[in-house]
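For reference, the structure is listed below as structure tokens.
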Amino acid sequence: MTTVLDSEDDGGCGGDMPHPSALRTGLSRLDIQRYSRQLVLPELGVRGQLRLSSCGVLVVGCGGLGCPLAQYLAAAGVGRLGLVDHDVVELNNLHRQVLHRESRLGRSKAHSAAAALKELNSAGRYEPYELALSPATALDLIRTYDIVADCSDNVPTRYLVNDACVLAGKPLVSASALRLEGQLVVYNFQGGPCYRCLFPKPPPPETVTNCADGGVLGVVPGILGSLQALEVLKIATGMGSSFSRSMLLFDALEGRFRHIKLRPRDPKCDYETFCGSSATDKCRTLHLLSSEERISVEEYKMILDNQVAHVLVDVRPQVEVEICHLPKSLQMPLNKLERKDEECLKSLYQKIQEEKQRTDGTVAFPVYVVCKLGNDSQKAVKILQELLYDELGLISVKDIKGGLMAWADKIDQDFPQY
């Protein structure tokens with residue numbers, strides 16, 4: 001089991017990262033006792049439980065769908081839940097939004113949900129985001145999670161979440177509920193369509209009804225949210241999904257479920273053209289630096305083998321560093337570097353000064369930057385070239401082409417790929 005961080009931890013700065021072998025990899029006695037009823041399922045077992053504990057799920061909306069969804073995910077042992085909601089708890093929420101309480105009326109829904117989940121399973125990380133997703137925030141946030149659950153209640157957010165999931169290459173478990181009906185689909189998974197494939201144009205605003213206008217029986221979003229949780233757990237543990245190629249329709253009045261078969265992903269879906277970007281991180285390749293400002297993973301391997309003095313800066317988010325990292329790398333998340341975080345820069349300057357003592361000072365001291373795929377590292381090099389030249393004089397800053405996934409592919413086949 002990986003080390004659990006407090007929800008207030010936004011990613012550390014500086015310091016050598018512990019070697020992956022130092023992290024715990026088994027279940028504790030209390031873990032086995034807590035999850036015993038699902039551990040004995042052949043479809044899940046210890047391997048599936050460990051996958052849940054290392055999984056991050058972003059829940060967009062802490063209302064009628066998001067509450068039962070988050071509750072079951074936390075109970076099942078999902079290690080990290082992000083909870084997005086800009087609204088506050090109101091009295092008319094309580095008949096269906098079962099994580100909230102009368103005592104928390106007026107409190108942020110995201111924080112109220114996090115508090116309730118912490119009482120249910122204190123081992124998890126629950127990260128409240130008291131905000132409305134926007135084009136400026138959605139993609140960066142979604143990239144830091146493994147699976148996204150859309151529990152929102154409006155059409156613009158559904159398109160925004162879908163588009164960000166397509167760009168980030170994340171599966172999207174989406175549901176909706178109104179009156180006595182509901183539906184569920186898993187988008188952008190196993191070759192299935194995205195939301196924009198099925199609905200290329202938003203419906204006219206006057207045709208859209210919400211719970212405030214149309215009403216909803218509280219148990220209906222409870223059923224759909226529970227089904228969302230089921231699909232998230234199946235995806236997270238490697239069982240796959242039942243609804244990447246079909247839509248589930250629920251009629252509460254008739255007590256009936258129906259499946260509607262969906263066409264595969266539309267090859268003419270114009271999303272990439274619309275966004276001017278590739279649809280996955282794997283396809284997206286930036287070219288911001290000259291060849292002289294970059295080195296290959298093979299070249300970096302020689303630097304390590306020859307024990308050449310240098311500093312390696314890892315600019316990935318904390319959640320990715322926890323998955324895997326190179327020994328003695330200095331963590332400095334790109335978002336903190338962009339805002340010139342003083343604590344991070346101080347750690348970096350100190351590390352460079354320590355390592356420079358091993359050199360004679362006649363050549364530029366090397367700083368190398370790494371990320372997952374070699375894109376963010378190029379952005380970081382541009383920033384560091386200016387900062388380090390001003391502060392420390394003769395410094396050479398280069399990025400490692402292809403990042404850690406190139407390292408895993410070409411240097412160390414045992415290095416995790418994600």
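The values are calculated or read from the model by the stated rules, or taken from the named source; none is laboratory data. These figures come from a predicted structure and were not determined experimentally. Cβ coordinates were reconstructed from backbone atoms using ideal geometry, including for glycine residues, and neighbour counts include every protein chain displayed. For the accessible areas, the whole protein counts, side chains as well, though only heavy atoms, and no ligand, DNA or RNA atoms are used. Shrake-Rupley method; radii C 1.70, N 1.55, O 1.52, S 1.80 Å.
Within region 175-194, restricting attention to residues that are under 15 Å from G240 (Cα atoms) and small (G, A, S), the residue that is least open to solvent (accessible area, probe 1.4 Å) is G192. Check whether at least one residue in region 399-416 is within 18 Å of R294 (Cα to Cα) and polar (S, T, N, Q), and report yes or no. Checked against the condition, which is being within 18 Å of R294 (Cα to Cα) and polar (S, T, N, Q), region 399-416 yields no hits at all. Could you tell me whether any residue of region 3-21 is among the charged types (D, E, K, R), at pLDDT 90 or above and out of contact with any Lys or Arg (no Cβ under 6 Å at 6 or more places or on another chain)? Checked against the condition, which is being among the charged types (D, E, K, R), at pLDDT 90 or above and out of contact with any Lys or Arg (no Cβ under 6 Å at 6 or more places or on another chain), region 3-21 yields no hits at all. For the structure I just gave you, tell me whether V319 is among the aliphatic types (A, V, I, L, M), closer than 19 Å to F415 by Cβ, in contact with a strand residue (DSSP E or B) (Cβ under 7 Å, 6 or more places away or on another chain) and at pLDDT 90 or above. Answer is no for this residue. Can you pull out the residues in region 50-76 that are within 13 Å of K109 (Cβ to Cβ) and of a type in the set (V, I, T)? Passing the criteria: V59, V60. All conditions but one from (1) touching a Lys or Arg at 6+ places or on another chain (Cβ under 9 Å); (2) surrounded by fewer than 21 Cβ atoms within 10 Å (Cβ to Cβ) apply to D376; the one that does not is (2). So is V369 in contact (Cβ under 8 Å) with a residue 40 or more places away in the chain, aliphatic (A, V, I, L, M) and surrounded by 21 or more Cβ atoms within 10 Å (Cβ to Cβ) or not? Against the criterion (in contact (Cβ under 8 Å) with a residue 40 or more places away in the chain, aliphatic (A, V, I, L, M) and surrounded by 21 or more Cβ atoms within 10 Å (Cβ to Cβ)), V369 qualifies.
Would region 152-170 turn up any residue that is out of contact with any strand residue (DSSP E or B) (no Cβ under 9 Å at 6 or more places or on another chain), part of a loop (DSSP other than H, G, I, E, B) and either open to solvent by 10 Å² or more (accessible area, probe 1.4 Å) or among the hydrophobic types (A, V, I, L, M, F, W, C) (or both)? Checking region 152-170: at least one residue is out of contact with any strand residue (DSSP E or B) (no Cβ under 9 Å at 6 or more places or on another chain), part of a loop (DSSP other than H, G, I, E, B) and either open to solvent by 10 Å² or more (accessible area, probe 1.4 Å) or among the hydrophobic types (A, V, I, L, M, F, W, C) (or both). Among the residues of region 389-408, is any more than 28 Å from the chain's Cα centre (by Cα), modelled with pLDDT under 90 and of a type in the set (F, W, Y)? Checked against the condition, which is being more than 28 Å from the chain's Cα centre (by Cα), modelled with pLDDT under 90 and of a type in the set (F, W, Y), region 389-408 yields at least one hit. Of all residues in region 239-269, those satisfying the criterion of being in a strand (DSSP E or B), of a type in the set (A, V, I, L, M, F, W, C) and over 30 Å from L50 (Cβ atoms) are M247, L249, F250, F257, I260.
Yes or no: A116 closer than 23 Å to C67 by Cβ, touching a residue at least 24 places away in the same chain (Cβ under 8 Å) and in contact with a Leu (Cβ under 6 Å, 6 or more places away or on another chain)? It is true that A116 is closer than 23 Å to C67 by Cβ, touching a residue at least 24 places away in the same chain (Cβ under 8 Å) and in contact with a Leu (Cβ under 6 Å, 6 or more places away or on another chain).
Would you mind telling me which numbered condition in (1) surrounded by 21 or more Cβ atoms within 10 Å (Cβ to Cβ); (2) at pLDDT 90 or above; (3) over 30 Å from L30 (Cβ atoms) C197 fails? The failed condition is (2).
Among the residues of region 91-146, those that are assigned to a loop (DSSP other than H, G, I, E, B) and open to solvent by less than 50 Å² (accessible area, probe 1.4 Å) comprise L94, R96, Q97, L99, H100, N121, A123, G124, L133, S134, T144, Y145. Each residue in region 48-90 was checked for being open to solvent by 10 Å² or more (accessible area, probe 1.4 Å) and without any contact (Cβ under 8 Å) to a residue 40 or more places away in the chain, and 3 pass. Within region 28-42, the set of residues being over 11 Å from A76 (Cβ atoms) and not in a helix (DSSP H, G or I) comprises S28, V40, L41, P42. Quick one: in region 27-46, of everything that is under 16 Å from V232 (Cα atoms) and of a type outside the set (S, T, N, Q), which residue is surrounded by the most Cβ atoms within 10 Å (Cβ to Cβ)? Result: L44. Against the criterion of being within 16 Å of K401 (Cα to Cα), at pLDDT below 95 and either outside any loop (DSSP other than H, G, I, E, B) or not aliphatic (A, V, I, L, M) (or both), T285 qualifies.
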